[in-house]
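*Asks:* Just passing along the structure, written as structure tokens.
Please treat every number below as a calculation from the coordinates, not as lab data. Computed from a prediction, not measured in an experiment: that's the story for all the values here. When we count neighbours, we look across all protein chains shown, and the Cβ atoms used for this are built from the backbone with ideal geometry, even at glycine.
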Amino acid sequence: MAKKPKRKKIKPNRKPKTVRDRSWKKEILRGDIEDDPLFEFSTERVVPKGREEERVNLWTKLEREVRQAPDTRADGSPVSSDWKEGVVVRVSTSTYDVDLGEQTVLCGVRGSLSATQTGYTNVVAVGDRVLVSLGQADHGIIEKVLPRRSLLARPDVLNPDLGQVVVSNVDQMLIVAAWEEPRIWFELIDRYLIAAAQGRMKPLVCLNKIDLAEDPADYHTEMSPYQDLGYTVLFTSALTGEGIAELRTHLAGEATVVTGRSGVGKSSLLMAVEPELDLRVEEVSYYSGEGKHTTAQVSLLKLTGGGYVVDTPGIRELGLITVHRHELVLYFPEITALAGACRFGDCSHTHEPGCAVVKAVEEGKIPWSRYASYQTIYESLPEYYTE
Ligand code: GDP
Ligand code: ZN
């Protein structure tokens, strides 16, 4: 059985308290978060004083959508009206399967579409909506990648200044954790929540293996900080079937990426939701502009209730987030809400005297697990993140 993750200690006497005063939450949430938990804390929110100019726009990378396709060709001819719109369902070394509705065509990419201007090492990813010109023998050329409404990227292994788009245009992220075997790892949940917010995906937190709990009150208590923050939390057991119908409802009609560490029951859950599901995993490579190839496995699984599920180890292992240290707080609304009360305007809430956040943790007003995540993630981030 996996051990509990090691938690950062603040001071030995700072123990989590069980008594909670929830009155502060009303102020923070002001009802807004219920409607839109993802964007509540976007750019205009509290930033440590004096750091404004240092701030990197959280969404810069997202906004750099692949728009470099010109309206005219290199030879001056206008873009053709016979381009067809489709969705990239599979990516291999330098070819792409594009689902055009009535048919799926194998496509290449117009040479002028280059990765380097986009901030990403791959031009086209699974999930992209693209415009395709059809040539002979049912071969197509991807002429243009349409703006992405969401994306999940990770830093490129060889070129960390650039990101690699793992999948785009996904609606939501199902973050799976297990009550036991392996035990919930809150920090990973919190990292996925950040990734979901960065990628503009709605997060769904799913606690699986609840059949292993002695008392449901235990897991309800442990997961309550997420519910208090407005996140949807599902409680499931792929073994007993509990909560599966509700999970199915949440997946229907949506494009969902499934994340969570190995063994938490992601495959079991998907098979419980969709007993007919073909869980084959395809080996694919992402083509990068520099000629590098990174192998990943991506599968798009169509659900009978509509929508589909994207499952890839590339996403599962995504513990990596590209956040500047002082921006981290933006993803912890309960900390952001108190930052103004700290003695120092640029308080990092990790070690400073007069920190209102540490005080709130001591008083049990901020859940210990969330604060521990904040600290651990903070320390894992580079002090200056250069884009
Ligand atoms: P994945 O690596 O996240 O895809 O996890 P799997 O679906 O392969 O499941 C890992 C193990 O956990 C398997 O032995 C499953 O039978 C078991 N498992 C999955 N879901 C549950 C559950 O709800 N309860 C219990 N007790 N075991 C489960
Ligand atoms: Zn502070």
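*Asks:* For a quick size check, give me the Cα extents of segment 325-380 along its three principal axes, largest first, whole Å.
*Replies:* 24, 23, 18
*Asks:* Out of residues 5 or more away from G140 or on other chains, whose amide H comes under 5 Å of its own, with H placed 1.01 Å from N in the peptide plane?
*Replies:* Amide H neighbours of G140: L106, C107, G108, G135.
*Asks:* Restricting to DSSP loop positions (anything but H, G, I, E, B) with no more than 13 other Cβ atoms inside 10 Å of their own Cβ, which trypsin sites (Lys or Arg not before Pro) remain in segment 167-239?
*Replies:* Those that pass, being in a loop and sparsely packed, number zero.
*Asks:* Check E181: other-chain or 5+ apart residues with amide H under 5 Å from its amide H, H built from backbone geometry?
*Replies:* A2
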